[in-house]
Amino acid sequence: MSEQFEMIAKTFQGLEEILAEELTALGANDIQIGRRMVSFTGDKRMMYKANFCLRTAIRILKPIKNFTAKDADEVYNQIQAIPWEEYLDVNKTFAIDAVVFSDEFRHSKFVSYKVKDAIVDYFREKTGKRPSVRINNPDVLLNIHIAQTTCTLSLDSSGESLHRRGYRQEAVEAPLNEVLAAGMILMTGWRGDCDLIDPMCGSGTIPVEAALIAKNIAPGVFRKGFAFEKWVDFDADMFDEIYNDDSQEREFAHKIYGYDNNPKANEIATHNIKAAGVSKDIVLKLQPFQQFEQPQEKSIIITNPPYGERISTNDLLGLYQMIGERLKHAFVGNEAWVLSYREECFDQIGLKASQKVPLFNGPLECEFRKYEIFDGKYKEFKSQEGEEEDKKDSEGEQAPRFRERKEFKPRREGEFKPRREGDFKPRREGESRPRREGGEFKGGDRDRKPRGEFRGGRDSRGPREFRGNREPRIPKKEEE
């Protein structure tokens, strides 16, 4: 049996349960929810899959040491005691990301410097040489988390934040984060079972993430690489197998509609959708919300309107009043989910929300509210809804949305289960490789191809082999 170890998936506050559900579906063990993180156990394959498949994770950390320190000297001594040749050598570059919540340690940069000094001094004492620090794209990225005096040092297996999928060609000002967009969609329970509409789609983040969810396309397929590909124990064949496995992908029988009144945003969204290879699933239209009409098919709205950071209050309140008017008159019999920041904006919608979920959009503490738009009296609507549910139950059909959440064990802040000495096996020296460029994208066909060139001793293997008649997976940007 392959070695099992603990990992930590970082996320945004409010998305922890969604991330835990994703990890459960992926087959992770010992799942525990914390604040802005979910811990779990698994093997190397699980670590690769977590990076490649999770939609609501920002990064995947692999803890290598847990210790208590009351001052900087104790941090230095504990870090220097690690057998660093198992993770680094003098020819590799490294960087340190410090996250500190402590009365003893006030500055995260100071902690980073102490960790750096300990690693450099370790190699200098042993070999007379030292590895170099590289802030951008290092060979090994380390993370140290300090909660009061509890310290956890981890290897960052992701590298660049996982929200950077790789399909975004351009962005409007203040675009919605891809991880947050995916979390919002998953939170509604939508999995492609009806049409989805974003009437203020900006650069198209919600439509693209919705298409990937509906078709069950792994978000990692667009990325140029992950940090673990530069680790000395990287298993290229194992990751090739994960990367090229499209057996879980599925057809999407409905449509996703994205509207915006900004021509530049519409142009940017078009480029991003083409880069993601989901053009045939998404219909873009230059249209203000005022012109929104009742859709012919059963639909769900998921949208992130402006919060008033760049437009006047009068215009903002008028916008939300118009949103409420359009929902009441042109979205009857459907449900709408709106992410916003200001209570006075929600008040202008003039509808009673059936769910209110706190979510952070960057530093802003927002709410994600669900509105059920019904025609007639609310009690009659709920009564009819109940009869439909009873009918489904009697026929053995399960409603796909708002299923009861699985209970996950809460995790205390800073908690970490240290492993016995010897649990971490020395790694062999090896090289990583970015992806191979190439391949054309035709029409709506979503064929992909790995990017970059193979490095190190892997040139002799050539590019990945694909099963059957399957074309390479990642397309270049479509020709205009």
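The values are calculated or read from the model by the stated rules, or taken from the named source; none is laboratory data. Computed from a predicted model, the values in this text were never measured in an experiment. Cβ atoms come from the backbone with ideal geometry, glycine included; neighbour counts cover every protein chain shown.
Each row is one residue, and each column tells you yes or no for (1) buried (at least 19 other Cβ atoms within 10 Å of the Cβ); (2) farther than 14 Å from residue 151 by Cα; (3) of a type in the set (A, V, I, L, M, F, W, C).
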residue	(1), (2), (3)
71	no, no, no
93	no, yes, no
98	yes, no, yes
107	no, yes, no
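Within segment 196-311, which helices (runs of 4 or more DSSP H) (wholly inside it) include 3 or more residues that are closer than 29 Å to residue 334 by Cα?
Numbers: elements: 205-215, 236-243, 263-275.
Qualifying helices (runs of 4 or more DSSP H): 205-215, 263-275.
To keep it simple, each residue is scored yes or no on (1) within 19 Å of residue 10 (Cα to Cα); (2) buried (at least 24 other Cβ atoms within 10 Å of the Cβ); (3) within 14 Å of the chain's Cα centre (by Cα).
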residue: 181; (1), (2), (3): yes, yes, yes
residue: 206; (1), (2), (3): no, yes, yes
residue: 217; (1), (2), (3): no, no, yes
residue: 235; (1), (2), (3): no, no, no
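Which residue out of 315, 347 is assigned to a helix (DSSP H, G or I), modelled with pLDDT of 90 or more and surrounded by fewer than 17 Cβ atoms within 10 Å (Cβ to Cβ)?
On the way: 315 fails: modelled with pLDDT of 90 or more.
The match here is 347.
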Out of (1) of a type outside the set (Asp, Glu); (2) at pLDDT 90 or above; (3) within 31 Å of the chain's Cα centre (by Cα), what's the single condition that is false for residue 131?
(3)
Residue by residue through segment 17-33, note down the ones that are farther than 18 Å from residue 5 by Cα and crowded, with 16+ Cβ neighbours inside 10 Å.
17, 18, 19, 21, 22
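Across segment 114-163, which residue is surrounded by the fewest Cβ atoms within 10 Å (Cβ to Cβ) among those that are among the small types (Gly, Ala, Ser) and closer than 25 Å to residue 177 by Cβ?
Of the residues in segment 114-163, the ones among the small types (Gly, Ala, Ser) are 118, 128, 132, 147, 154, 157-159, 161.
With closer than 25 Å to residue 177 by Cβ added as a condition, the list becomes 147, 154, 157-159, 161.
Working: 147: 16, 154: 23, 157: 21, 158: 25, 159: 22, 161: 13.
That would be 161.
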Return the residues of segment 11-48 that are more than 20 Å from residue 247 (Cα to Cα), over 15 Å from the mean Cα position of the chain (by Cα) and at pLDDT 95 or above; say none if nothing qualifies.
29, 30, 31, 32, 33, 39, 40, 41, 42, 43, 44
Filtering segment 75-105 down to residues that are of a type in the set (D, E, K, R) and in contact with a Ser or Thr (Cβ under 8 Å, 6 or more places away or on another chain) yields 97, 104
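Just name the residue that is surrounded by the fewest Cβ atoms within 10 Å (Cβ to Cβ) out of those in segment 257-269 that are closer than 17 Å to residue 212 by Cβ and out of contact with any Asp or Glu (no Cβ under 6 Å at 6 or more places or on another chain).
Within segment 257-269, the first condition is being closer than 17 Å to residue 212 by Cβ, and the residues that meet it are 257-258, 269.
If we keep only those that are out of contact with any Asp or Glu (no Cβ under 6 Å at 6 or more places or on another chain) too, we end up with 257, 269.
On the way: 257: 20, 269: 28.
Filtering segment 257-269 for residues that are closer than 17 Å to residue 212 by Cβ and out of contact with any Asp or Glu (no Cβ under 6 Å at 6 or more places or on another chain), the one surrounded by the fewest Cβ atoms within 10 Å (Cβ to Cβ) comes out as 257.
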Please find, within segment 352-363, the residue that is farthest from residue 182 (Cα to Cα) out of those that are buried (at least 17 other Cβ atoms within 10 Å of the Cβ) and either in contact with a strand residue (DSSP E or B) (Cβ under 6 Å, 6 or more places away or on another chain) or of a type in the set (A, V, I, L, M) (or both).
353
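Quick check on this structure: which one of 185, 217 is at pLDDT 95 or above, out of contact with any Leu (no Cβ under 7 Å at 6 or more places or on another chain) and more than 23 Å from residue 355 (Cα to Cα)? Working first, answer last.
Details: 185 fails: more than 23 Å from residue 355 (Cα to Cα).
Only one candidate qualifies: 217.
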Looking at residue 71, is it more than 17 Å from the chain's Cα centre (by Cα) and closer than 28 Å to residue 136 by Cα?
no
Among (1) hydrophobic (A, V, I, L, M, F, W, C); (2) at pLDDT 90 or above; (3) over 28 Å from the mean Cα position of the chain (by Cα); (4) not in a helix (DSSP H, G or I), residue 95 falls short only on (3)
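For segment 75-91, which residues satisfy the criterion of being out of contact with any helix residue (DSSP H, G or I) (no Cβ under 6 Å at 6 or more places or on another chain) and either surrounded by fewer than 17 Cβ atoms within 10 Å (Cβ to Cβ) or free of Cβ contacts under 8 Å to residues at least 12 places away in the same chain (or both)?
Matches in segment 75-91: 77, 81, 83, 85, 86, 89, 91.
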